[in-house]
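A short write-up of the structure that comes next.
Values quoted throughout were computed directly from the atomic coordinates according to the rules given, and no laboratory measurement underlies them. Keep in mind that this is a model prediction, so the values were computed, not measured. We place every Cβ from the backbone using ideal geometry, glycine too, and count neighbours over all the protein chains shown.
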Amino acid sequence: MVNLFYKMILITPTLSIDENEIQESFVHASGPGGQNVNKVATAVEIRFDVRHSPSLPDVVRDRLIRLAGCRLTSDGVLIIQAQRFRAQDQNRQDARQRLIALIRQVAVAPKRRRPTRPTLASKHRRIESKRKRGTIKKLRRGSISLE
């Protein structure tokens, strides 16, 4: 029997990704763990195919590709590694939370900058300061006579 109900990871109220789109692998962690670190693979590596994800709208996908930087492979796969904790489950939750936070960050469109012009008073202040500076430099110049 095929499971028709896929578990979805809620990103925002309007955006969620299918849990099947995420591949998790466990590796030996460097760092805290004592003797346990050599026996148990506690570090988590999450892979999420950004380019081919049907869950992401195109604008979110493009922003995520730009923001991911070196975490994105040339194939468009986002890799997040988590090894902060000694427990595998905590590292799994940490990696998922970081993925969710990254997608939430790009889901919100940045505010468009409206170019502004300097006020008349600021233009006058600028010209006045330039005039004062020019006067100071002019006073420094002394007449040099070669007699």
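Structure above, values below:
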read-out	value
Failed condition for Pro54, given (1) surrounded by 10 or more Cβ atoms within 10 Å (Cβ to Cβ); (2) closer than 21 Å to Asn20 by Cβ; (3) not polar (S, T, N, Q)	(1)
In the stretch 40-70, the residues that are over 16 Å from Ser25 (Cα atoms) and among the charged types (D, E, K, R)	Arg51, Asp58, Arg61, Asp62, Arg63, Arg66
Single condition Arg112 does not satisfy, out of (1) in a loop (DSSP other than H, G, I, E, B); (2) closer than 30 Å to Ala29 by Cα; (3) without any contact (Cβ under 8 Å) to a residue 12 or more places away in the chain; (4) not polar (S, T, N, Q)	(2)
Of residues in the stretch 58-117 being over 16 Å from Leu10 (Cα atoms) and among the β-branched types (Val, Ile, Thr), the one surrounded by the most Cβ atoms within 10 Å (Cβ to Cβ)	Ile80
